[in-house]
Amino acid sequence: MKTQQKVWLVTGVSGGLGKELAKSIYLSGDIIIGTMRSEKDKMLFEQDFPQRSKAFILDLSDTGKIPVVVEESVKIFGKIDVLVNNAGYGLFGMVEEASEEEVRHQLEVNFLAVWKLTQAVLPIMRQQKSGHIIQLSSRVGISAGVGGGLYAAGKFAIEGLSEALAQEVSAFGIKVTLVEPGPLRTDFFGRSVVFAQKEITDYHAATGNIRERSKQMDGKQPGDPAKVASSILEISRLENPPFRLPFTQATLDTLQQKIISYQQVIDDWKEIAVQVQY
Ligand SMILES: NC(=O)c1ccc[n+]([C@@H]2O[C@H](COP(=O)([O-])OP(=O)(O)OC[C@H]3O[C@@H](n4cnc5c(N)ncnc54)[C@H](OP(=O)(O)O)[C@@H]3O)[C@@H](O)[C@H]2O)c1
């Protein structure tokens, strides 16, 4: 292995952003460890990225397997420089519609597995005194909308975890980046969105039919995942990568609206907020 060559561990490389990332990483000359769920995707990955790669079958709802993937990776390549917690899916539906089982599964995949993978690479990165943890959040990790509360709950959780983590590990030379894309033209709305099984049609008149709206978005998203992938590769080369990395105009607009609405909260409530102090 060349000394400059980085070892990346990326979850969910079977399609979408994960696949684009794997391509960019491989083309740059780095080593790509990818996780996927099926034997077929493993075979395709091994064909596309020969030699400088390793594939692991990993369903993120099986968090017990995560430490094994990390241990095996270190045995083979001796280090992990960059972890990208990319894999995920969207559970959409009104808060009232979702079942406990649906919410549990989504949080296991979209949050618990992210924490578990992060925790598994930290001893290695601390020892290396270097490393970069890149978390796929979303525009929805900044602000949630109708029908997206459950998906947002997982992304908000990643944001909170990562804000603390960045402060905890900076002394060890470990960097953390939250990637916050708006709509990207991946398979997400095609096959990675699951709707709550229970549908309460009363909501249609009140808020619109989110199931129909999501279908219409598929294939029309403004963001190009290949460009996002090359930007992620670029920032991974920086000595001081950004903590927050927004993509698409939609995320910039969301950030702007959030600033305005928080300023309004301060203006409206500052007297009452401080009034409770001893
Ligand atoms: N596309 C967007 O508009 C958008 C916007 C903001 C953030 N994001 C985030 O970007 C990340 C990548 O999504 P994408 O847009 O590239 O969607 P995608 O094309 O649908 O890819 C999702 C990936 O996650 C994997 N995955 C899903 N459930 C999994 C599980 N239980 N265990 C292991 N892997 C699992 C999928 O594997 P299979 O092939 O086996 O299903 C696939 O590789 C996600 O975290 C998503 O929340 C996407």
**Request:** Would you rank Glu239, Glu168, Glu46 by solvent-accessible area, highest first, keeping every protein chain in place and using a 1.4 Å probe?
**Result:** Glu239, Glu168, Glu46
**Within the accessible area of region 166-278 (1.4 Å probe), percent carbon and sulfur** = 54
**Asked** So what is the orientation-averaged projected area of region 62-213, using the convex hull of its C-alpha atoms, in nm²?
**Response** 9.7
**region 234-278 shape via C-alpha gyration tensor axes, a/c threshold 1.5** = oblate
**Request:** Please find the FRET efficiency linking Lys227 to Arg52, where r is the Cβ-Cβ separation and R0 is fixed at 22 Å, and quote it to the nearest 0.05.
**Result:** 0.45
**Request:** Could you tell me which of the pairs Lys42/Lys65; Lys19/Lys227; Lys220/Lys258; Lys75/Lys129; Lys116/Lys155 are separated by over 20 angstrom between their Cα atoms in the structure shown?
**Result:** Lys220/Lys258
**Request:** Taking the Cα centre of region 7-253 as origin, work out the dipole magnitude from +1 charges on Lys and Arg Cβ and -1 charges on Asp and Glu Cβ, in debye rounded to 20.
**Result:** 660
**Message:** Projecting each Cα onto the charge dipole of the chain (Lys/Arg +1, Asp/Glu -1 at the beta carbon, about the Cα centre), which of Gly16, Gln256, Ser231 comes out farthest on the positive side?
**Reply:** Ser231
**Asked** Between rounded, prolate and oblate, where does region 190-278 land on the alpha carbon gyration tensor, with a ≥ b ≥ c its root eigenvalues, rounded for a/c under 1.5, else prolate if a/b exceeds b/c?
**Response** oblate
**Item:** Ser61-Ala206 pseudo-label distance in nm [points 7 Å out on the Cα-to-Cβ vector]
**Value:** 2.9
**Request:** Mind grabbing the accessible area of Glu212 for me, 1.4 Å probe, Å², rounded to tens?
**Result:** 80
**Request:** Could you calculate the contour length gain from Lys220 to Lys129, that is, 0.36 nm times the residue separation minus the distance between their Cα atoms, to one decimal place in nm?
**Result:** 28.5 nm
**Request:** Based on a Kirkwood Rh over C-alpha pairs, give the Stokes-Einstein translational diffusion coefficient of the chain at 10 °C and viscosity 1.306 mPa s in µm²/s.
**Result:** 80
**Prompt:** What are the DSSP H helices in the chain that stretch 30 Å or more along their long axis, judged by alpha-carbon atoms, and whose average Kyte-Doolittle hydropathy comes to at least -1.0?
**Reply:** 249-275
**Request:** Whole number in Å², please: accessible area per residue of region 7-253, 1.4 Å probe, ligands, DNA and RNA not counted.
**Result:** 46
**Message:** Using DSSP to call loops (not H, G, I, E or B), can you name the chymotrypsin sites (Phe, Trp or Tyr not before Pro) in region 161-253 whose Cβ has at most 16 other Cβ atoms within 10 angstrom?
**Reply:** Phe243
**Asked** Under a Cβ-Cβ cut-off of 14 Å, what is the net charge of the residues other than Val69 that fall near it, where Lys and Arg count +1 and Asp and Glu count -1?
**Response** +2
**Message:** Starting from 0.36 nm per residue, how many nanometres of slack lie between Gln4 and Trp269 once their C-alpha separation is accounted for?
**Reply:** 90.2 nm
**Request:** Can you send over the solvent-accessible area of Arg237, 1.4 Å probe, protein chains only, in Å² to the nearest 10?
**Result:** 110
**Prompt:** For region 1-109, what does the alpha-carbon gyration tensor say about shape, rounded, prolate or oblate, given a ≥ b ≥ c as the root eigenvalues, a/c under 1.5 as rounded, and a/b over b/c as prolate?
**Reply:** prolate
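The values are calculated or read from the model by the stated rules, or taken from the named source; none is laboratory data. This one's a predicted model, so the numbers in the text were calculated from it and none came from an experiment. Note: ideal-geometry Cβ built from the backbone for every residue, glycine included; neighbour counts use all protein chains shown. These accessible areas exclude ligands, DNA and RNA; they are computed on the full protein's heavy atoms, side chains included. Shrake-Rupley method; radii C 1.70, N 1.55, O 1.52, S 1.80 Å.
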